[in-house]
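One structure below.
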Amino acid sequence: MRRGWKMALSGGLRCCRRVLSWVPVLVIVLVVLWSYYAYVFELCLVTVLSPAEKVIYLIFYHAILVFFTWTYWKSIFTLPQQPNQKFHLSYTDKERYENEERPEVQKQMLVDMAKKLPVYTRTGSGAVRFCDRCHLIKPDRCHHCSVCAMCVLKMDHHCPWVNNCIGFSNYKFFLQFLAYSVLYCLYIATTVFSYFIKYWRGELPGVRSKFHVLFLLFVACMFFVSLVILFGYHCWLVSRNKTTLEAFCTPVFMSGPEKNGFNLGFVKNIQQVFGDNKKFWLIPIGSSPGDGHSFPMRSMNESQNPLLANEEPWEENEDDNRGPSISNEVYRVQCWKPF
């Protein structure tokens, strides 16, 4: 009886948490709906007198709004991608791992399993990265999200404003959402500013429209400042081919920590998020290369350009536990010494 009561309470708390997690999204939706009313009706249809100016304002506003809502929708409802089955421990391996009491033997078991996988990052102690909640060997750049309760490929962070985990599957959409949000706020602020001055000087009648126009400018400027800072930070991350987690915690490779391990150069770093085809860069459709399980590393870039390399490559020993040779696959590359 007591156990059933505890299970019911736990289920109720989880349900409440899921409902409350949508509150930030609801706040954003309500702000956008009010801004639509304030801009379209109170500004364009009531305050603006010139028909040509009304048409121009409305056309550009709705064009930006379409991309803003499209990217926001994609950021919210594109599910985070999880590692595929080959990274999960089999039933037999899981039993062997859990029944083994010696930590050093468990560590060696994971090393042996990781030899068959394109895994080249390690924990701070040099061990194979393993998720004991999902029972899988973590692919490079994969992390466990405590909010989503699952491992997410190329996890960047969990964003409450989209109620979703930002990772390989939707990072491009999240960046586009930030970009169009900045553009949305900037467009509203610049077009509203002249009428804000007129209302401030008392040159225009209408108390109701005055309130909406004045408050619209204030909200647009407030969101613009916060969004442009966040967008600028993520642009810096993209230019370095880093995630938010990697910016705070340097990834560790088999050869040691290397903060620029995935940095391929400015252009290639952008292509790692947006793809090679530039016509898809501004449109929220999936175009990121690869499958999210493995990524080209800086060592590959240097091996193809000797001018960038400043050390001799690390020779891999067949008896060593650092992983197999992988010369025939694009995203499976040997690790080199830190530079």
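Stretching the chain fully between Arg96 and Glu53 yields a gain of 8.2 nm (0.36 nm per residue, less the alpha carbon separation).
Of the two radii for the stretch 15-105, the radius of gyration is 1.39 times the Kirkwood radius, both from the alpha carbons; that is the Rg over Rh value. With Cα atoms defining each centre, the stretch 208-274 and the stretch 131-160 are spaced 20 Å apart in the structure.
Averaged over residues, the count of other Cβ atoms within 10 Å places the peptides 116-128, 173-185 in the sequence 173-185, 116-128, highest first. Accessible area of Phe130 (1.4 Å probe, protein heavy atoms only, ligands and nucleic acids ignored): about 40 Å².
Between Ile229 and Leu13, the FRET efficiency from the beta-carbon distance, with R0 = 56 Å, is close to 0.95. Taking each of Lys74/Lys259; Lys86/Lys116; Lys94/Lys115; Lys172/Lys268; Lys74/Lys172 in turn, the alpha-carbon distance tops 20 angstrom for Lys74/Lys259. Residues whose amide H falls under 5 Å from that of Phe130, counting only those 5 or more places apart or on a different chain, are Lys138, with hydrogens built in the peptide plane. Taking amide H as placed 1.01 Å from N in the peptide plane, the amide H of His143 sits under 5 Å from that of Val152, Lys154, Met155, each at least 5 places away or on another chain. By a 1.4 Å probe calculation restricted to protein chains, Asp291 has an accessible surface near 70 Å², given to the nearest 10. A protection proxy built from the mean count of other Cβ atoms within 10 Å ranks the segments 58-64, 17-23, most packed first, as 58-64, 17-23.
The values are calculated or read from the model by the stated rules, or taken from the named source; none is laboratory data. In this text, all values refer to a predicted model and were calculated from it rather than measured experimentally. FYI the Cβ positions are ideal-geometry reconstructions off the backbone, even for glycines, and counts take in every protein chain you see. We work out accessible area using only protein heavy atoms, side chains counted, and drop any ligands, DNA or RNA first. Shrake-Rupley method; radii C 1.70, N 1.55, O 1.52, S 1.80 Å.
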